[in-house]
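Visitor: Shown below is the structure under consideration.
The values are calculated or read from the model by the stated rules, or taken from the named source; none is laboratory data. This is a predicted model, so every value here is computed, not measured. FYI the Cβ positions are ideal-geometry reconstructions off the backbone, even for glycines, and counts take in every protein chain you see. Accessible surface is based on the protein model in full, side chains and every heavy atom, while ligands, DNA and RNA are left aside. Shrake-Rupley method; radii C 1.70, N 1.55, O 1.52, S 1.80 Å.
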Amino acid sequence: MRLLPALAVVAVLATGCSSGGSDPMPGMPGMTDPPPAGLPHESTPPVPGLNPLPGMPAVPDPHDVDAAAGPGMLSPAVAADKPLVYVPHSGSGDVWVIDPATFQVVAKYPAGKELQHVVPSWDLRTLYATDDRGDHVLPFDPRTGQPGKPFPVVDPYNMYFTPDGRYAISVAERLRKLVWYDPHTWQVHDETPAPDCAGIDHADFSPDGRTAVFTCEFAGRVAVVDVPSHRLTRMIDMPHRNTRMGPQDIKLAPDGSVYYIADSDANGLWVLDGAATHVLRFIPTGHGAHGLYLSRDAKQLYVTNRHEGSVSVLDAHTGAPVTTWRLPGGGSPDMGNVTADGTQLWLSGRYDKVVYVLSTKDGSLIRKIPVGSEPHGLCVWPQPGRYSLGHTGITR
C-alpha cells in the first residue's frame, strides 16, 4: 500500500463528513456522509502497447479497450451460437435457460448446490456454470445450449481468464485464494494465496493485461495481482473499509484511466487509479451498489443498486451521473449483461426470483420473467468481442 495517497484520500473523506456524533447513513454501518465526488481526476493508466502480456490480442484502440466488442461485432466463433440467456441460481442449484426472443424459459438443468455465475471461456466456445459449494463447474455448449459433464474445480465462486488465454482462474472466495488452471486440461498449475482478502470475488484486468485487480468484499480492500508471475503484489484499502458487503464488482474505464469499484455498504463507487496504486475519489449512486456493466458503445456505465431497485447510469469515462432508472415497484437488480446489439440490459433479481429486461434507451422495464431461487450471475449469449476475460461476459 501507498500510505501517503491513502492518507490524503482519508483527509478528503473527513472534510466531507459531519463532526462526531452523527448517525451513519442507512445501509452504511459506521459511515456518515460519502466523500465528495468532484475531486481532481488523476489519471495514471498503464500504456497499452509498451509491454503487453505476450499472447494477448492487440488493443485496437488505446482510448477504448472494449472497441472490439461494439454493437453487433460478433466473431465468426459465435456466429452460429443459439441466442440464449443462462440464469444460475444460488438457492435452487440449477441453471434456467431463457429464449430472449420470446422471454420464455425453455429449459431447466440441475447443476449442483450453489450456482453463482455462468462464465464464457476465453475462446468463447464454452460457458461454465460455477458451483462454489459443490466444487465443480458445469460446461454448456453455446451452439446448442445443452450442458455437458461437470468436472471438479476448487471453490469456483467466480471465474476469469488471463488476457492471453493461457490460464483459467478460479476465484476461491471461501478459501481466500486464486487457483490457476490450464483451461484445456483443467489441471491445477499453481495458486495465489490472498489471506488478507476476505470475500475475494470480482476482478478486471489492465489494458496491457499484466495486472489484475480483485475485490475483497469482506475486507474493504482490493488485491492487486501480477498476471505473468501470479504473485500478489499489494493490497489497497478503501478510504472507508466496509467489511459486511463492501467492494463488489469492478470495471476498468474504457480508456484504462481508472477502475470503478462498487461498494454495497458505501452505496456507490470508489475510483481507483489506472495503475492500481491508490483511491482517487468516491461516486455516490444508490443503496447496495453491486454490478457494473458497460453500454455496448462503452460510453455509459450501468451500476445496479441492489437494495433500492435502481440502475445508475454514469459517463463511463468521467464517472459523471447521467440518469437513474428505477424498477417499477422496486426490486433487487444484481448481475447480468447487455445484449449483443446493445438495446437491452438483462439483470437477475437476486432476492425476488425474477429476471429484469431493461431498455438501454430509457431504462424502461421491457419484461420481468419469473425464475428460480436466488438468480445470480446470468449470462446473455452470444456476446461481441474477440475473447472473454470471464465473469458474466467481459469481452474485449
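Visitor: Report the residue count in segment 350-363 for those that are within 22 Å of G72 (Cβ to Cβ), part of a loop (DSSP other than H, G, I, E, B) and not charged (D, E, K, R). Give the derivation first.
Guide: First, the residues of segment 350-363 that are within 22 Å of G72 (Cβ to Cβ): 357-363.
Applying the additional criterion that residues be part of a loop (DSSP other than H, G, I, E, B) yields 360-363.
Restricting the remaining residues to those that are not charged (D, E, K, R) gives 360, 363.
Number of matching residues: 2.
Visitor: Among residues belonging to segment 355-370 that are closer than 17 Å to T392 by Cβ and aliphatic (A, V, I, L, M), point out the one that is surrounded by the fewest Cβ atoms within 10 Å (Cβ to Cβ).
Guide: Step one: of segment 355-370, the residues closer than 17 Å to T392 by Cβ are 355-358, 360, 369.
Okay, now just the ones that are also aliphatic (A, V, I, L, M), so 355, 357-358, 369.
On the way: V355: 25, V357: 21, L358: 23, I369: 19.
Applying the filter and picking the extreme gives I369.
Visitor: From V65, V87, V95, which residue is buried (at least 20 other Cβ atoms within 10 Å of the Cβ) and over 30 Å from E114 (Cβ atoms)?
Guide: V65
Visitor: Another one. Given the structure, is K113 part of a loop (DSSP other than H, G, I, E, B) and touching a residue at least 40 places away in the same chain (Cβ under 8 Å)? Can you show your working first?
Guide: Details: part of a loop (DSSP other than H, G, I, E, B): yes; touching a residue at least 40 places away in the same chain (Cβ under 8 Å): no.
Taking the combined requirement at face value, the residue does not satisfy it.
Visitor: Restricting to segment 82-94, name every residue that is farther than 24 Å from D341 by Cα and either hydrophobic (A, V, I, L, M, F, W, C) or in contact with an Asp or Glu (Cβ under 9 Å, 6 or more places away or on another chain) (or both). Explain how you work it out, then say what you get.
Guide: We begin by selecting, within segment 82-94, every residue farther than 24 Å from D341 by Cα; these are 89-94.
Within segment 82-94, H89, S90, G91, S92, G93 meet the criteria.
Visitor: Give me the pairs: first residue in segment 67-86 and assigned to a helix (DSSP H, G or I), second residue of a type in the set (A, V, I, L, M, F, W, C), beta-carbon distance under 6 Å, and six or more apart or on different chains, which are they?
Guide: A77/L124; V78/L124
Visitor: Inside segment 217-287, counting only strands (runs of 3 or more DSSP E) that do not spill past its ends, which hold 1 or more residues that are among the acidic types (D, E)?
Guide: 221-226, 231-237, 247-252, 258-263, 268-273
Visitor: Please count how many residues of segment 288-298 are assigned to a strand (DSSP E or B) and under 19 Å from G390 (Cβ atoms). Let's see the steps before the verdict.
Guide: Kept after step one, since they are assigned to a strand (DSSP E or B), are these residues of segment 288-298: 289-294.
Next, from what is left, pick out any that are under 19 Å from G390 (Cβ atoms): 290-294.
Going through segment 288-298 one residue at a time, the tally reaches 5.
Visitor: Here is a list: T243, T192, T215. Which entry is open to solvent by 10 Å² or more (accessible area, probe 1.4 Å) and either out of contact with any Phe, Trp or Tyr (no Cβ under 8 Å at 6 or more places or on another chain) or touching a residue at least 12 places away in the same chain (Cβ under 8 Å) (or both)?
Guide: Details: T192 fails: open to solvent by 10 Å² or more (accessible area, probe 1.4 Å); T215 fails: open to solvent by 10 Å² or more (accessible area, probe 1.4 Å).
Residue meeting the stated conditions: T243.
Visitor: Additional query: Can you list residue pairs whose Cβ atoms sit under 7 Å apart, with the first residue in segment 279-302 being free of Cβ contacts under 8 Å to residues at least 12 places away in the same chain and the second being among the aliphatic types (A, V, I, L, M) and part of a loop (DSSP other than H, G, I, E, B)? Count only pairs 6 or more apart in sequence or on different chains.
Guide: Between residues of segment 279-302 that are free of Cβ contacts under 8 Å to residues at least 12 places away in the same chain and residues that are among the aliphatic types (A, V, I, L, M) and part of a loop (DSSP other than H, G, I, E, B), there is no close pair.
Visitor: Can you pull out every residue in segment 122-149 that is within 23 Å of the chain's Cα centre (by Cα), of a type in the set (D, E, K, R) and either open to solvent by 30 Å² or more (accessible area, probe 1.4 Å) or at pLDDT below 95 (or both)?
Guide: D123, R125, R133, D135, D141 - these are the residues of segment 122-149 that are within 23 Å of the chain's Cα centre (by Cα), of a type in the set (D, E, K, R) and either open to solvent by 30 Å² or more (accessible area, probe 1.4 Å) or at pLDDT below 95 (or both).
Visitor: Restricting attention to segment 317-333, report how many residues are over 22 Å from A67 (Cα atoms) and either open to solvent by 70 Å² or more (accessible area, probe 1.4 Å) or of a type in the set (S, T, N, Q) (or both).
Guide: Quick first cut of segment 317-333, residues over 22 Å from A67 (Cα atoms) only: 321, 323-333.
Adding the requirement that they be either open to solvent by 70 Å² or more (accessible area, probe 1.4 Å) or of a type in the set (S, T, N, Q) (or both) leaves 321, 323-324, 326, 328-329, 332.
So the answer is 7.
Visitor: Continuing with this model, one more query. From the list L269, L301, L294, which one is closer than 17 Å to G393 by Cα and open to solvent by less than 10 Å² (accessible area, probe 1.4 Å)? First the steps, then the outcome.
Guide: On the way: L269 fails: closer than 17 Å to G393 by Cα; L294 fails: open to solvent by less than 10 Å² (accessible area, probe 1.4 Å).
That would be L301, the only listed residue that is closer than 17 Å to G393 by Cα and open to solvent by less than 10 Å² (accessible area, probe 1.4 Å).
Visitor: How many residues are more than 30 Å from H63 (Cβ to Cβ), in contact (Cβ under 8 Å) with a residue 60 or more places away in the chain and part of a loop (DSSP other than H, G, I, E, B) when one looks only at segment 311-349?
Guide: Qualifying residue count, segment 311-349: 0.
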